[in-house]
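Read the structure below first, then the notes.
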Amino acid sequence: MLIILITTLLALLAVAGAVWAIFFGLGIFEYLGGKKKSALPAIDKVTLKEKILALNAPNSPYQIIGAKETDLVIEWKIVDAEWYGIFSKEKVNKTYNAFLFLDENRRTVRYYEEMGSVEWHAGTDGLKPSILYRKEFFKGRILFRKSWGVQYGIKKGGGLGKIYEYKFDIGYIRDPIRKVVEGNGWEFVPVVRKEHAIF
């Protein structure tokens, strides 16, 4: 009897833990900021927005712009290339986007991320024609991401050479934004659900 009671209790705890993990993963109990007070005085929303926009630089691979659905959007076209293989045509597209919602009441910047990748190949597999298409998409909160790639092939205009080379490090954009946000008395809060980072 005692073993059945303990087993039932452990099963109920496992189910409750699984339900909590699902809700947490979906962002239902997500922390939206406002409880961690900064030692620095908080500046106003307009000034903070200007300081974040000032991170744009002509040589940076990303662009921070204003948007209709949120305060700011980061767009980073990591790779967008087409080329020819020996008996094929290839295309790859990799992008990173982030939505920044500046919540003036809580003095928080909520940060939501999306990454997408599309790879396309049309050619031959031995003697038979083949078409391969692969698409990956991630939405939410990226904890850590670094990648590097290089591709050589026949360029669209003709000639053999390097088609693309890229280096992607999530910290390259996120760390400067976090520094500006926290250095001006606001809280930086990565979120899992897009609805927490849009109007």
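The values are calculated or read from the model by the stated rules, or taken from the named source; none is laboratory data. Predicted model, so just to flag it, every value in this text is computed and none were measured. Cβ sites come from the backbone with ideal geometry, for glycine too, and all protein chains shown count toward neighbours. Heavy atoms of the whole protein, side chains included, go into the accessibility calculation; ligands, DNA and RNA do not. Shrake-Rupley method; radii C 1.70, N 1.55, O 1.52, S 1.80 Å.
Annotation: T70 fulfils all but one of (1) open to solvent by 50 Å² or more (accessible area, probe 1.4 Å); (2) under 18 Å from the mean Cα position of the chain (by Cα); the unmet one is (1).
Residues in the range 82-96 that are crowded, with 17+ Cβ neighbours inside 10 Å and either in contact (Cβ under 8 Å) with a residue 60 or more places away in the chain or under 28 Å from G140 (Cβ atoms) (or both): W83, E90, V92, K94, Y96.
For the range 93-107, indicate whether the set of residues that are over 22 Å from E195 (Cα atoms) and either touching an Asp or Glu at 6+ places or on another chain (Cβ under 9 Å) or at pLDDT 95 or above (or both) is non-empty. Yes, some residue in the range 93-107 is over 22 Å from E195 (Cα atoms) and either touching an Asp or Glu at 6+ places or on another chain (Cβ under 9 Å) or at pLDDT 95 or above (or both). Please work out if I177 is more than 12 Å from the chain's Cα centre (by Cα) and more than 24 Å from E114 (Cβ to Cβ). So I177 does not fit the description; no. Contact map, the range 32-58: residues that are farther than 17 Å from P176 by Cβ paired with residues that are of a type in the set (D, E, K, R) and in a loop (DSSP other than H, G, I, E, B), Cβ distance under 6 Å, separation 6+ or inter-chain. Pairs shown: G33/R106; G34/R106; A42/R107; K45/E104.
Quick one: is V109 open to solvent by less than 90 Å² (accessible area, probe 1.4 Å), assigned to a strand (DSSP E or B), of a type in the set (A, V, I, L, M, F, W, C) and free of Cβ contacts under 8 Å to residues at least 40 places away in the same chain? When the stated conditions are applied, V109 does not pass them.
Taking the criterion of being within 15 Å of the chain's Cα centre (by Cα), surrounded by 15 or more Cβ atoms within 10 Å (Cβ to Cβ) and not in a helix (DSSP H, G or I), the residues of the range 148-174 that qualify are F168, I170. Taking the conditions (1) under 30 Å from G157 (Cβ atoms); (2) part of a loop (DSSP other than H, G, I, E, B) in turn, G33 satisfies each one other than (1). More than 21 Å from I142 (Cα to Cα) and among the basic types (K, R) - does that describe any residue in the range 109-126? No, that holds for no residue.
Only a single item in (1) open to solvent by less than 50 Å² (accessible area, probe 1.4 Å); (2) among the aliphatic types (A, V, I, L, M); (3) in contact with an Asp or Glu (Cβ under 9 Å, 6 or more places away or on another chain) is not met by V180, and it is number (3). Residues of the range 24-67 that are modelled with pLDDT of 95 or more and open to solvent by 80 Å² or more (accessible area, probe 1.4 Å): V46, E50, K51, Q63.
Restricting the first member to the range 116-140 and to residues that are part of a strand (DSSP E or B), and the second to residues that are modelled with pLDDT of 85 or more and of a type in the set (K, R), the beta-carbon pairs closer than 7 Å and six or more apart or on different chains are S117/K94; V118/K135; E119/R134; W120/K91; A122/K89; G123/K89; K139/K194. For the range 62-75, the tally of residues that are assigned to a loop (DSSP other than H, G, I, E, B) and in contact with a helix residue (DSSP H, G or I) (Cβ under 8 Å, 6 or more places away or on another chain) stands at 2.
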